[in-house]
Amino acid sequence: MTKFTVIIPVYSAWDPDTVPADQRHYRAKQIQRAIKSIIDQQYPDWELILVNDGCTDDTPEILRKFASSDERIKVIDQENSNRAIARNKGMDAASGEWICWLDSDDEYSTHYLRELHQASIDFPEYSIFNFGSIIHFPDHHTAIRGVFAPAIEDAGHEYFRSGHIGCGSFAFKRELWASDPKYRIPDEVNPYQFAAASHFDMRFPDDQPDVDDPANAFTDGVYRHGLSLGNPWGDDFLQFFLLTRDNHSKPLDVLLYIQYPRAHEEIYEHFGEIYATH
């Protein structure tokens, strides 16, 4: 069995003639950085599943070039359905013992999988690990998101809200995730419907609505108070939260995930082909 499955949902649409400015996502170059960070891992026993979430530019061609050059890389195509469905589809297709997430505009440190492999040996009683990340901002400064260590509460961890855990800063056994449907994040295409389907209690006071435009937030017209998950998807937070209701995560005091805020997209638009596609 492969040790690690890394899953990257990919959506890229940047044509100014056909895509409204507020709906553009530029990933054609950043995804190459993300993929190369997997290829460069010091621990080699992995598979990479790239879920093409209906890209409308040349990104799918780039994904297939990488897949053709390394048999550990696989591409799954789907109509644009957004990240939650893409992540679930990738996990359904996974064959690795452990599942790791990576966003298409971020990257792993080269020792990411090596550290997790060693942790799985040192702490075999755990099925979930979480760790810290480094955030590089476009104005030449760096921040650290330290390791999150929620208190243990019975079989799992205490209640916590979003903002403590991010995509790529936790990993979990596929066997655990597949053991019960309650660990699966909702298959929803709309972030507010995703929040509603999660049934997550944000515990907001009644005078603090969680969405800016409640009347139009939900596609079925029904407003649900207290169901925002953060960004606005919060699928990474929700996945970790669901897994830790009745399982303990082992915090690893190490920085493994490298994150780039959305503002970097404006910079990448002006660069040429900066990563080889093999």
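The values are calculated or read from the model by the stated rules, or taken from the named source; none is laboratory data. Since we're looking at a predicted model, the values are computed, not measured. Methodologically, a virtual Cβ is constructed for each residue, glycine included, from the backbone with ideal geometry; neighbour enumeration extends over all protein chains shown. We work out accessible area using only protein heavy atoms, side chains counted, and drop any ligands, DNA or RNA first. Shrake-Rupley method; radii C 1.70, N 1.55, O 1.52, S 1.80 Å.
When region 135-156 is filtered for residues that are within 19 Å of Glu107 (Cα to Cα) and either touching a helix residue (DSSP H, G or I) at 6+ places or on another chain (Cβ under 6 Å) or of a type in the set (D, E, K, R) (or both), the ones remaining, listed by number, are Pro138, Asp139, Arg145. Considering the conditions (1) among the β-branched types (Val, Ile, Thr); (2) modelled with pLDDT of 95 or more; (3) more than 21 Å from Gln259 (Cα to Cα), Thr18 is excluded by exactly one of them, (2). Only a single item in (1) of a type outside the set (Phe, Trp, Tyr); (2) surrounded by 15 or more Cβ atoms within 10 Å (Cβ to Cβ); (3) modelled with pLDDT of 95 or more is not met by Ser81, and it is number (3). Would you check if there is a residue in region 115-126 being in contact with a Pro (Cβ under 6 Å, 6 or more places away or on another chain) and surrounded by 19 or more Cβ atoms within 10 Å (Cβ to Cβ)? Looking for residues that are in contact with a Pro (Cβ under 6 Å, 6 or more places away or on another chain) and surrounded by 19 or more Cβ atoms within 10 Å (Cβ to Cβ), one finds none in region 115-126, hence no.
I'd like the residue in region 84-102 that is touching a residue at least 12 places away in the same chain (Cβ under 8 Å) and open to solvent by 40 Å² or more (accessible area, probe 1.4 Å) and, out of all such residues, is nearest to Ser120 (Cα to Cα). Please lay out each step first, then the result.
Within region 84-102, the subset touching a residue at least 12 places away in the same chain (Cβ under 8 Å) is 84-91, 93-102.
Filter once more, keeping what is open to solvent by 40 Å² or more (accessible area, probe 1.4 Å): 89, 93, 95, 97.
Numbers: Lys89: 25, Ala93: 22, Ser95: 17, Glu97: 11 Å.
Filtering region 84-102 for residues that are touching a residue at least 12 places away in the same chain (Cβ under 8 Å) and open to solvent by 40 Å² or more (accessible area, probe 1.4 Å), the one nearest to Ser120 (Cα to Cα) comes out as Glu97.
If the condition is being touching an Asp or Glu at 6+ places or on another chain (Cβ under 6 Å) and without any contact (Cβ under 8 Å) to a residue 40 or more places away in the chain, then region 131-183 contributes only Ala151.
When residues in region 35-62 are screened for being of a type in the set (Ser, Thr, Tyr), assigned to a loop (DSSP other than H, G, I, E, B) and under 19 Å from the mean Cα position of the chain (by Cα), 0 of them pass. Within region 148-181, the set of residues being among the aliphatic types (A, V, I, L, M) and buried (at least 19 other Cβ atoms within 10 Å of the Cβ) comprises Ile165, Ala171. Restricting attention to region 122-167, the residues that are more than 19 Å from Phe200 (Cβ to Cβ), in contact with a Phe, Trp or Tyr (Cβ under 6 Å, 6 or more places away or on another chain) and outside any loop (DSSP other than H, G, I, E, B) add up to 2.
Ser95 meets the conditions (1) at pLDDT below 95; (2) on the phi < 0 side of the Ramachandran plot in every case but one. The failed one is (1). Taking region 96-123 as the region of interest, how many residues are within 15 Å of Leu50 (Cβ to Cβ) and either out of contact with any helix residue (DSSP H, G or I) (no Cβ under 7 Å at 6 or more places or on another chain) or not hydrophobic (A, V, I, L, M, F, W, C) (or both)? The total comes to 8.
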